[in-house]
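**Q** Submitted below is the structure of interest, expressed as structure tokens.
The values are calculated or read from the model by the stated rules, or taken from the named source; none is laboratory data. Everything numeric in this text was worked out from a predicted model, so none of it was measured. Cβ placement follows ideal geometry from the backbone for every residue including glycine, while neighbour counts extend to all protein chains displayed.
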Amino acid sequence: MLNLIEKRSIDYVPIAERHGKVWHLWPIWFSGDAHLATIAVGVLGIGLGGNLLWTSIAVISGCALGTFFMAFHSTQGPQLGLPQLIQSRPQFGYMGALLVWVVALIAYIGYNAFNEVLVAQTVRQLSGAQHGIDAPVIIVFTLLAAAIAAVGYDWIHRTQRLIAYAMIAVLLVYSVAVGVVMRLPAHHWDVHDFRTIPFLVQFFAAAAYQLSWSIYVSDYSRYLPREVSVSESFWWTYLGAFVGGVWMMLLGTVAAALNPRAEVAAAVQMSADAVLPGLGLPLLITALLGLVTISSLNFYGASLTLLSVADSFRPGTASTAKRLIGLGLATAASIGIALLASKDFVNRFGDLLAVLLYLFTPWTAINLIDFYVVRKGHYSIREIFNPRGMYGRWNWRGLLSYAVGFVVMIPFFSFGTHQGIVARALGGADLAMLVGLPVSALLYWVLCRDLDLDQELEQVRIADAGLDPGLAASPSQ
């Protein structure tokens with residue numbers, strides 16, 4: 001049994017241990033979106049008064065934008081053999097990366113708390129029970145997801161592939177039935193009925209949701225062979241996440257249009273039964289299973305992040321036991337939040353998406369510009385884990401770029417009852433992401449112009465000599 005549990009955590013995956021096929025990235029990220037939480041994102045525009053046509057356009061374009069940046073992070077895994085967030089140390093410093101990790105922990109635990117509440121709603125919908133089942137459902141669901149996360153990387157991939165096949169079959173039946181049977185009032189198809197606020201809220205919610213996978217996307221590509229190309233890992237990730245995200249969000253959009261006052265789970269079941277009697281139950285059950293596996297991904301990422309935080313204060317050898325301790329802490333935190341959550345959780349989930357968008361936007365810009373433009377993938381694996389190494393404890397370039405990128409977005413913020421001055425002038429429209437990305441990336445690039453990259457590359461070569469004995473050094477070594 002112990003041999004089934006993954007031995008690696010935040011440490012480097014040696015070339016000799018690399019395995020898997022690049023196409024496996026498609027099902028893991030298709031299934032990453034094939035669940036009820038993604039459906040909930042698709043209801044936001046309809047809930048604010050948008051029609052089906054423009055909300056669908058917002059979903060598709062928002063997913064296209066957010067997935068673009070997310071998929072580029074996936075390409076870092078095969079080249080570096082490291083989890084996603086530990087790669088932030090070259091940009092922010094050994095201790096400075098804590099800023100990013102704290103934000104990531106909020107995301108992991110917040111998403112899973114939402115997932116747990118959504119599961120309880122769904123089980124109530126399926127069972128007809130009204131009271132007394134939420135707590136046991138939340139606990140059982142969470143422990144099941146945590147068990148998959150405990151086993152680790154390979155079993156997460158396997159379960160995601162199974163969910164992908166099942167979800168595709170159910171979604172195909174639903175989509176065909178919707179195309180044949182669904183009838184909605186004419187205003188839902190009126191191209192002239194464009195409403196700015198519902199469109200922009202839906203657009204940026206979809207973009208933020210897809211972008212939020214960036215914090216752990218290379219966690220699930222880091223075991224792939226080093227020979228996997230950037231284009232291969234990008235496109236398999238992009239197509240999986242984009243197709244899964246759009247398909248599931250549009251399911252939510254259609255369900256909300258047909259049943260605007262129902263909870264997410266109830267709306268899905270009623271819309272499916274309306275187009276094909278009896279379809280609602282298998283659709284909900286499959287989406288429920290997808291929620292289990294994506295929660296396992298969140299728990300897995302949270303455990304690696306907690307281990308990274310601990311390593312910053314007390315460097316030591318990574319181990320399975322430490323990863324499992326971090327997993328236990330994350331599990332307890334998410335259960336506690338879910339049990340205390342308010343009933344207005346879908347609206348609060350929209351606010352969480354907005355905040356995550358603001359917090360991840362500068363990070364993703366800095367991380368990608370550093371990897372693809374500044375250092376071009378040349379990093380020292382050993383120095384990333386050296387508290388007094390070449391990347392320093394605090395990298396002022398990354399931290400300053402993050403701070404400036406975040407601050408310039410503040411006037412554009414629009415979430416909950418808060419609206420920045422620019423957002424207010426635009427009637428509540430939120431354009432923060434379009435400002436934060438270029439500002440953070442350009443400022444970081446300018447601040448890095450004085451780096452002696454030739455000298456750094458020589459340091460990388462020396463530091464990582466013998467990292468993979470018997471194998472030729474790679475550009476990232």
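**Q** Take the range 1-33 and flag every residue that is of a type in the set (A, V, I, L, M), outside any helix (DSSP H, G or I) and modelled with pLDDT of 90 or more. Explain how you work it out, then say what you get.
**A** Taking the range 1-33 first, the residues of a type in the set (A, V, I, L, M) are 1-2, 4-5, 10, 13, 15-16, 22, 25, 28.
With the extra rule that they be outside any helix (DSSP H, G or I), the set shrinks to 1, 5, 10, 13.
Of everything in the range 1-33, just one residue is of a type in the set (A, V, I, L, M), outside any helix (DSSP H, G or I) and modelled with pLDDT of 90 or more, namely VAL13.
**Q** Of all residues in the range 152-194 being part of a loop (DSSP other than H, G, I, E, B) and in contact (Cβ under 8 Å) with a residue 60 or more places away in the chain, which is nearest to ALA274 (Cα to Cα)?
**A** In the first step, residues of the range 152-194 are kept if they are part of a loop (DSSP other than H, G, I, E, B); the result is 152, 182-185, 190-194.
Next cut, in contact (Cβ under 8 Å) with a residue 60 or more places away in the chain only: 152, 182, 184, 190-191, 193-194.
Details: GLY152: 39, MET182: 8, LEU184: 12, ASP190: 23, VAL191: 25, ASP193: 26, PHE194: 27 Å.
That would be MET182.
**Q** Okay, next question. I'd like the full set of residues that are closer than 22 Å to ALA207 by Cβ, hydrophobic (A, V, I, L, M, F, W, C), more than 24 Å from the chain's Cα centre (by Cα) and assigned to a loop (DSSP other than H, G, I, E, B), limited to the range 412-457.
**A** Of everything in the range 412-457, just one residue is closer than 22 Å to ALA207 by Cβ, hydrophobic (A, V, I, L, M, F, W, C), more than 24 Å from the chain's Cα centre (by Cα) and assigned to a loop (DSSP other than H, G, I, E, B), namely LEU426.
**Q** So which of GLY81, GLY66, GLY77, GLY110 ends up being of a type in the set (Gly, Ala, Ser) and surrounded by fewer than 22 Cβ atoms within 10 Å (Cβ to Cβ)?
**A** Values: GLY81 fails: surrounded by fewer than 22 Cβ atoms within 10 Å (Cβ to Cβ); GLY66 fails: surrounded by fewer than 22 Cβ atoms within 10 Å (Cβ to Cβ); GLY77 fails: surrounded by fewer than 22 Cβ atoms within 10 Å (Cβ to Cβ).
Result: GLY110 is the single residue among GLY81, GLY66, GLY77, GLY110 that is of a type in the set (Gly, Ala, Ser) and surrounded by fewer than 22 Cβ atoms within 10 Å (Cβ to Cβ).
**Q** Regarding the range 1-12, can at least one residue be identified that is aliphatic (A, V, I, L, M) and without any contact (Cβ under 8 Å) to a residue 60 or more places away in the chain? Steps first, answer last, please.
**A** Kept after step one, since they are aliphatic (A, V, I, L, M), are these residues of the range 1-12: 1-2, 4-5, 10.
Pick out the ones that are also without any contact (Cβ under 8 Å) to a residue 60 or more places away in the chain and you get 1-2.
Within the range 1-12, one or more residues are aliphatic (A, V, I, L, M) and without any contact (Cβ under 8 Å) to a residue 60 or more places away in the chain.
**Q** I've got another one for you. Could you list, in sequence order, all residues of the range 299-319 that are among the β-branched types (Val, Ile, Thr) and either under 18 Å from GLU383 (Cβ atoms) or modelled with pLDDT under 85 (or both)? Don't jump to the end; show me each part of the working.
**A** Step one: filter the range 299-319 for residues among the β-branched types (Val, Ile, Thr), giving 305, 309, 317.
THR317, the sole residue that qualifies.
**Q** Only one of GLU383, GLU456 is surrounded by 15 or more Cβ atoms within 10 Å (Cβ to Cβ), closer than 23 Å to HIS73 by Cβ and out of contact with any helix residue (DSSP H, G or I) (no Cβ under 8 Å at 6 or more places or on another chain); which?
**A** Values: GLU383 fails: out of contact with any helix residue (DSSP H, G or I) (no Cβ under 8 Å at 6 or more places or on another chain).
Selected residue: GLU456, the only one of GLU383, GLU456 that is surrounded by 15 or more Cβ atoms within 10 Å (Cβ to Cβ), closer than 23 Å to HIS73 by Cβ and out of contact with any helix residue (DSSP H, G or I) (no Cβ under 8 Å at 6 or more places or on another chain).
**Q** Among the residues of the range 399-444, count how many are buried (at least 21 other Cβ atoms within 10 Å of the Cβ) and more than 29 Å from GLY96 (Cα to Cα).
**A** Selection size over the range 399-444: 1.
**Q** Just a yes or no: is a residue in the range 268-278 surrounded by fewer than 24 Cβ atoms within 10 Å (Cβ to Cβ), free of Cβ contacts under 8 Å to residues at least 12 places away in the same chain, touching a helix residue (DSSP H, G or I) at 6+ places or on another chain (Cβ under 9 Å) and not in a helix (DSSP H, G or I)? If you could, list the steps in order and put the result at the bottom.
**A** Within the range 268-278, the first condition is being surrounded by fewer than 24 Cβ atoms within 10 Å (Cβ to Cβ), and the residues that meet it are 269-270, 273-278.
From what is left, the residues that are free of Cβ contacts under 8 Å to residues at least 12 places away in the same chain are 273, 277-278.
Checking the rest, the ones that are also touching a helix residue (DSSP H, G or I) at 6+ places or on another chain (Cβ under 9 Å) come to 273, 278.
When the remaining residues are screened for being not in a helix (DSSP H, G or I), the result is 278.
Yes, that holds for at least one residue.
**Q** State yes or no: is VAL100 surrounded by fewer than 21 Cβ atoms within 10 Å (Cβ to Cβ) and β-branched (Val, Ile, Thr)? Break it down stepwise before answering.
**A** Numbers: surrounded by fewer than 21 Cβ atoms within 10 Å (Cβ to Cβ): no; β-branched (Val, Ile, Thr): yes.
Against the criterion (surrounded by fewer than 21 Cβ atoms within 10 Å (Cβ to Cβ) and β-branched (Val, Ile, Thr)), VAL100 does not qualify.
**Q** Here are some residues: GLU232, GLU227. Which one is farther than 19 Å from THR293 by Cα, among the acidic types (Asp, Glu), at pLDDT 85 or above and not in a helix (DSSP H, G or I)?
**A** Details: GLU232 fails: not in a helix (DSSP H, G or I).
Going through GLU232, GLU227 in turn, the sole match is GLU227.
**Q** Being part of a helix (DSSP H, G or I), over 17 Å from ILE215 (Cβ atoms) and in contact with a helix residue (DSSP H, G or I) (Cβ under 6 Å, 6 or more places away or on another chain) narrows it down to one residue among GLY66, GLY62; which is it?
**A** On the way: GLY66 fails: over 17 Å from ILE215 (Cβ atoms).
Every option except GLY62 fails the conditions.
**Q** Report, by residue number, each residue of the range 174-201 that is in contact with a Gly (Cβ under 9 Å, 6 or more places away or on another chain) and of a type in the set (D, E, K, R).
**A** Hits for the range 174-201 are ASP193, ARG195.
**Q** Given the structure, is ARG183 surrounded by fewer than 20 Cβ atoms within 10 Å (Cβ to Cβ) and closer than 22 Å to ILE10 by Cα? Walk me through it before giving the result.
**A** Details: surrounded by fewer than 20 Cβ atoms within 10 Å (Cβ to Cβ): yes; closer than 22 Å to ILE10 by Cα: no.
When the stated conditions are applied, ARG183 does not pass them.
**Q** Condition first: hydrophobic (A, V, I, L, M, F, W, C) and not in a helix (DSSP H, G or I). Now tell me which residues in the range 87-123 satisfy that.
**A** Residues of the range 87-123 that are hydrophobic (A, V, I, L, M, F, W, C), as a first pass: 92, 95, 97-107, 109, 113-114, 117-120, 123.
Listed by number, the residues that qualify are MET95, ALA97.
**Q** Output the number of residues of the range 365-380 satisfying the condition of being surrounded by fewer than 17 Cβ atoms within 10 Å (Cβ to Cβ) and either in contact with a Pro (Cβ under 9 Å, 6 or more places away or on another chain) or not aromatic (Phe, Trp, Tyr) (or both).
**A** Start the filter on the range 365-380 by keeping residues that are surrounded by fewer than 17 Cβ atoms within 10 Å (Cβ to Cβ), which leaves 372-373, 376-377.
Narrowing further to those that are either in contact with a Pro (Cβ under 9 Å, 6 or more places away or on another chain) or not aromatic (Phe, Trp, Tyr) (or both): 373, 376-377.
Residues meeting the conditions: 3.
**Q** Let me ask you something else. Yes or no: GLN91 of a type in the set (S, T, N, Q), in contact with a Lys or Arg (Cβ under 8 Å, 6 or more places away or on another chain), closer than 23 Å to SER303 by Cβ and surrounded by 24 or more Cβ atoms within 10 Å (Cβ to Cβ)? Talk me through it step by step, then tell me what you get.
**A** Numbers: of a type in the set (S, T, N, Q): yes; in contact with a Lys or Arg (Cβ under 8 Å, 6 or more places away or on another chain): yes; closer than 23 Å to SER303 by Cβ: yes; surrounded by 24 or more Cβ atoms within 10 Å (Cβ to Cβ): yes.
Spelling it out, GLN91 is indeed of a type in the set (S, T, N, Q), in contact with a Lys or Arg (Cβ under 8 Å, 6 or more places away or on another chain), closer than 23 Å to SER303 by Cβ and surrounded by 24 or more Cβ atoms within 10 Å (Cβ to Cβ).
**Q** Based on what the data block shows, is GLY326 modelled with pLDDT under 75, under 26 Å from LEU118 (Cβ atoms), touching a helix residue (DSSP H, G or I) at 6+ places or on another chain (Cβ under 8 Å) and buried (at least 20 other Cβ atoms within 10 Å of the Cβ)? Walk me through how you get there before you give the answer.
**A** Details: modelled with pLDDT under 75: no; under 26 Å from LEU118 (Cβ atoms): yes; touching a helix residue (DSSP H, G or I) at 6+ places or on another chain (Cβ under 8 Å): yes; buried (at least 20 other Cβ atoms within 10 Å of the Cβ): yes.
Spelling it out, it is not the case that GLY326 is modelled with pLDDT under 75, under 26 Å from LEU118 (Cβ atoms), touching a helix residue (DSSP H, G or I) at 6+ places or on another chain (Cβ under 8 Å) and buried (at least 20 other Cβ atoms within 10 Å of the Cβ).
**Q** Separate question: May I ask you to say which residue of GLY128, GLY152 is on the phi > 0 side of the Ramachandran plot and surrounded by fewer than 13 Cβ atoms within 10 Å (Cβ to Cβ)? Explain how you work it out, then say what you get.
**A** Values: GLY152 fails: surrounded by fewer than 13 Cβ atoms within 10 Å (Cβ to Cβ).
Selected residue: GLY128, the only one of GLY128, GLY152 that is on the phi > 0 side of the Ramachandran plot and surrounded by fewer than 13 Cβ atoms within 10 Å (Cβ to Cβ).
**Q** (1) touching a Phe, Trp or Tyr at 6+ places or on another chain (Cβ under 6 Å); (2) over 30 Å from LEU467 (Cα atoms); (3) not hydrophobic (A, V, I, L, M, F, W, C): which one isn't true of TYR165, the others all being true?
**A** (1)
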